[in-house]
Amino acid sequence: MYYSSMKRTLRPLYSILLLILVAATFTIRVMLHPNGSFQLKHESPIVKTLKKPVFNATLLRYASIDIGEPKLKQEIDELLEGRFRNRGRQRSFLSSGKYHIDVRLRSSKGTPLQLRSPEFYRLWLSFRTYLSDWSRKRRFYPDVMSDLVNEVKLLIDGHSRKKYKTCAVVGNSGILLQSDYGKLIDSHEAVIRLNNARTTRFEKNVGSKTSISFVNSNILHLCARREGCFCHPYGLNVPIVMYICQPLQFFDYLVCNASHKVPIIVTDPRFDVLCARIVKYYSLKRFVESSGKDLDQWGSTHGGSMFHYSSGMQAIMLGLGICEKVSVFGFGRSDLARHHYHTNQKAELDIHDYEAEYDFYHDLITRPEAIPFISDKFMFPPVVMYH
Ligand SMILES: *[C@@H]1O[C@H](CO)[C@@H](O)[C@H](O)[C@H]1NC(C)=O
Ligand SMILES: *[C@@H]1O[C@H](CO)[C@@H](O)[C@H](O)[C@H]1NC(C)=O
């Protein structure tokens, strides 16, 4: 009784206080407006809704064009019609590097599949279903960031729609060997690792906990040649999130998903499109600003239709969607460091524009409102990058 009556007497007090506060803010606003113009700005403390810069419309338009789109559409149509026998010589976007794509199909036992077998036929029907769904869904959708919790976190967790409190996204740069971040990395609620880089022997530098294994489908394709699609440097219970590089690799996905204990989650194709646009925007911007050349010339120096965001970039984007706080490790390079901490690979693949991606990370940390294409409704979590 006493409590509720006290609440009642307090309520008008609160209202008055609130009024005073509003009035005070208002006065300051008006005072700050020397011309006395009377605009009530919708300013809130959320970073993203701070003043959005005016984006250059030409850059936005160029970034929205996917040069590889017609070829991809044609490839998908052919696959859906069942014409895929002679794809052996097709170049994949990573086949120029250390990956050589073997398009011969394998069963879950790792043996080559006979094209006329019932097992193949069953696989083929699922393949068509998944590929056509994926292809239909593949378009630009700026709100996709807000769907990631449901699409990834919920699938992994089974029940919780809550974001992870803290995440570490661990890239594979050789700079990781220069610090002992292992313990710090493992102290995050979720640790996202990339492309099956091993942690064994590097625990001091990279930690040992893995919550999500983020890979591209070329990696899964390599796993698919092994018995049971063995793809688990981090253990059999670590879920895999994967983006599709080539539509044919839905076969690997189906074979591997069926033989794995935990789900393999294919990234939403709308999420892929969003990542592609953002990286291309930063790449175009950097290209005109540093070379002074025309935008039309961008393609010839960036792999044209093979141009692609890096796995690391999309893993960070995933972190933004499913975590309340993102720490980034193992991104960036130094003359003293290897390209990857776990291999001796030297050259960076020219289909990626790492410099442009660093520009993107810089905006992410210092002024996320300057990032194009992502819906205003999305609230960026704080991001910290460890060097
Ligand atoms: C937009 O960028 C293009 C390419 O760099 C440039 O030619 C054009 O002048 C820019 N437009 C504006 C309004 O700044
Ligand atoms: C992948 O595996 C999960 C179980 O781990 C299953 O629920 C899902 O339907 C599978 N997806 C496909 C496409 O077979």
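Based on this model, can you work out whether residue 278 counts as touching a helix residue (DSSP H, G or I) at 6+ places or on another chain (Cβ under 9 Å), of a type in the set (A, V, I, L, M) and modelled with pLDDT of 95 or more? Considered against the rule, which asks whether it is touching a helix residue (DSSP H, G or I) at 6+ places or on another chain (Cβ under 9 Å), of a type in the set (A, V, I, L, M) and modelled with pLDDT of 95 or more, residue 278 comes out as yes.
When you look at residue 275, is it in the same structural domain as residue 339 (by TED's automatic domain parsing), within 14 Å of ligand 2 (Cβ to nearest atom) and either surrounded by 22 or more Cβ atoms within 10 Å (Cβ to Cβ) or charged (D, E, K, R) (or both), yes or no? So residue 275 does not fit the description; no. A residue that is within 16 Å of ligand 1 (Cβ to nearest atom), over 24 Å from residue 258 (Cα atoms), at pLDDT 60 or above and under 22 Å from the mean Cα position of the chain (by Cα) occurs nowhere in the stretch 132-140.
Screening residue 281 on (1) surrounded by fewer than 22 Cβ atoms within 10 Å (Cβ to Cβ); (2) within 16 Å of ligand 1 (Cβ to nearest atom) shows it passes everything except condition (1). Could you tell me whether the stretch 366-373 includes any residue that is more than 16 Å from ligand 2 (Cβ to nearest atom), crowded, with 19+ Cβ neighbours inside 10 Å and farther than 30 Å from residue 72 by Cα? Yes, that holds for at least one residue. Condition check for residue 376 on (1) surrounded by fewer than 18 Cβ atoms within 10 Å (Cβ to Cβ); (2) within 16 Å of ligand 1 (Cβ to nearest atom); (3) touching a residue at least 40 places away in the same chain (Cβ under 8 Å): one failure, at (2).
The values are calculated or read from the model by the stated rules, or taken from the named source; none is laboratory data. Please read these numbers as outputs of a predicted model, since none were measured by experiment. Cβ coordinates were reconstructed from backbone atoms using ideal geometry, including for glycine residues, and neighbour counts include every protein chain displayed.
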